[in-house]
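S.K.: Dropping the structure in here first, questions after.
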Amino acid sequence: MQNSQIAARRAEAVSRGVGVTTQVYAERAENAEIWDVEGRRYIDFAAGIAVVNTGHRHPQVIAAVRDQIDRFTHTCHQVVPYENYVRLAERLNDLVPGNFKKKTVFVTTGAEAVENAVKIARAATNRSAVIAFTGGFHGRTFMGMTLTGKVQPYKVGFGAMMPDVFHVPFPAELHGTSVEDALSVLEKLFKADVDPSRVAAFIIEPVQGEGGFYEVPKAFMLKLREIADQHGILLIADEVQTGFARTGKLFAMEHFGVVADLTTMAKGLGGGFPIAAVTGRADIMDAPGPGGLGGTYGGNPIGIAAGNAVLDVIESENLCERADRLGARLKQRLQSLRETVPQIVDIRGPGFMNAVEFNVPGSGTPDADFTNKVRVRALEKGLILLTCGVYGNVVRFLAPITIQDEVFAEALDILESVLRDCAKGA
Ligand code: PMP
């Protein structure tokens, strides 16, 4: 089978609304490598968008899933529950930052976790407004899409958004928005549009993912917590992309010294199997009445089994420390190319949630064409990269944290040669 043949069939059979960035059709995958249907090997620096932090088919995750499949695959937790759901909830209650009693609900996707966090916040506060940030990404469901701070392509053509959602500029200094600027807009929002006593929650990604890998400045997170406390507003940390060792901590909020009331999780929790969660203060989590939360597949046994195994792997393989080490090597390598590649304006990111941003040399203009060229050339050389950012001028790196040293070294060599070639205009 050829990639091009499947691509042609795909174009006829699948809605164009589902975009794809490569025409590499997967045949099999192992840790940080993917082989396509033509037998070509790729190094995977996308990890299914920050999902297989523990690598493709981690043996411990696969063993746990196999064992689960051999016993039962679905009963619906709301009908006939199972112990490992409770165990994973207990573990997340312990691990999610916050020195207070917590409870958890399991769902299936990141967007669903966001939807549920907002429902829970509304039920607990008896308020309806939610404040999110420009450039943020929170999913493609109606509330997720409304909270998302980027119109193209997420909101185009989808009609009226959910009511009572407001956006404040995300404090990204690199793009001219300081912490003070963002706080001043928030203050004006409270005066012009919404009384803070009507606001149920702030929702924020500790490091913006799709929006461009911008870390929330610590001063801003502290202030947000303070404002939330002052007005009885809940703080939701959307850790769907940042969670599970990616930033060098199990959760990115650990970098800030303040805690969220509710945390949304998905992606890395399942290590390749669909599972998502909301964990938060027990009294808040208990606000919705019985039957108000859940879903047929919410906390399905396979995802739960995978989640428990993923937590074991992160701990036994010290993946938080490994994320720091790999990220340092990647950032160092990119730094060494700054002179040769004048398009580079910023190299950043905690742990192994790293990115490089490109501008037209000598100008402040984002260079989306150069960024895309880097991605395409890397793919030609067998390295799968993802771009992101409101201006499409950021390459983000999301390799499995379990990537073997020699595969990582090979990927860095490919990256370097691609950046050198692209900078030369080759
Ligand atoms: N929140 C964040 C921060 C995300 O990065 C994503 C996915 N990119 C989502 C929510 C939505 O997750 P899902 O695609 O699993 O619905």
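S.K.: Which value at 222 nm does the chain reach when only helices count, each DSSP H run of 4 or more adding -39,500 (n - 2.57), with the total divided by all residues and rounded to the nearest 500 deg cm²/dmol?
M.R.: -11500 deg cm²/dmol
S.K.: Farthest toward the dipole's positive end in the chain, which of 276, 17, 341, given Cβ charges of +1 (Lys, Arg) and -1 (Asp, Glu) about the Cα centre?
M.R.: Final value for the positive-end residue is 17.
S.K.: Average the reciprocal distances over every distinct pair of alpha-carbons in the range 318-379, invert the result, and give the Kirkwood radius in Å.
M.R.: With all distinct Cα pairs of the range 318-379 included, I get 12.6 Å.
S.K.: Using unit Cβ charges (K, R positive; D, E negative) and no other charged atoms, how large, in debye to the nearest 20, is the dipole of the range 60-314 about its Cα centre?
M.R.: Charge dipole of the range 60-314: 280 debye, to the nearest 20.
S.K.: Right, something else. So for the range 68-124, what are the equivalent ellipsoid semi-axes in whole Å, largest first, each being the square root of 5 times an eigenvalue of the Cα gyration tensor?
M.R.: Working: eigenvalues 108, 52, 21 Å².
One finds semi-axes of 23, 16, 10 Å for the range 68-124.
S.K.: With springs only between Cα atoms under 10 Å, which of 307, 19, 270 fluctuates most in a Gaussian network model of the chain?
M.R.: Ranking 307, 19, 270 by mean-square fluctuation puts 19 first.
S.K.: Under the rule of at least 5 residues apart or a separate chain, name every residue whose amide H is placed under 5 Å from the amide H of residue 387.
M.R.: Amide H to amide H, under 5 Å and 5 or more residues apart or across chains, residue 387 pairs with 396.
S.K.: Amide H to amide H under 5 Å from residue 234: which residues, 5+ apart in sequence or cross-chain, H placed 1.01 Å off N in plane?
M.R.: Correct list: 201, 202.
S.K.: Calculate the dipole size of the chain relative to its Cα centre from +1 charges on Lys and Arg beta carbons and -1 charges on Asp and Glu beta carbons; express the result in debye to the nearest 20.
M.R.: In debye, rounded to 20, the chain gives about 520.
S.K.: Greater than 31 Å separation of Cα atoms is the criterion. Which listed pairs, 119/218; 101/188; 101/191; 150/223, meet it? Spell out each step's value before the answer.
M.R.: Values: 119/218 27 Å; 101/188 35 Å; 101/191 35 Å; 150/223 24 Å.
Correct reply: 101/188; 101/191.
S.K.: Another question about this same structure. Can you work out ³J(HN,Hα) from phi for every residue in the range 180-191, in order, using Karplus 6.51 cos²θ - 1.76 cosθ + 1.60 and θ = phi - 60°, giving whole Hz and x for Gly and Pro?
M.R.: Values, residue by residue: 5, 4, 5, 5, 5, 5, 4, 4, 5, 4, 5, 8 Hz.
S.K.: To the nearest µm²/s, what D does Stokes-Einstein give for the range 60-314 at 10 °C and 1.306 mPa s, using the Kirkwood radius over alpha carbon pairs as Rh?
M.R.: Diffusion coefficient, whole number: 86 µm²/s.
S.K.: Quick one: which residues, 5+ away or cross-chain, put their amide H under 5 Å from the amide H of residue 168? H built at 1.01 Å from N.
M.R.: The list, which skips near neighbours in sequence, is 132, 133, 134.
S.K.: Hey, another quick one. How big is the shadow of the Cα convex hull of the chain, averaged over all directions, in nm²?
M.R.: Values: hull surface 83.8 nm².
Spelled out: convex hull of the Cα atoms, projected over all directions, averaged, 20.9 nm².
S.K.: Continuing with the same structure: Say we join alpha carbon atoms closer than 10 Å with springs in a Gaussian network model of the chain; which of 283, 261, 238 then has the biggest fluctuation?
M.R.: Sorting by GNM fluctuation, first place goes to 283.
Quick note: the coordinates plus some simple rules give every number you see, no bench work behind them. Fair warning: this is a prediction, and the values are worked out from it, not measured in the lab. Cβ: placed from backbone, ideal geometry, glycine included. Neighbour counts: every protein chain shown.
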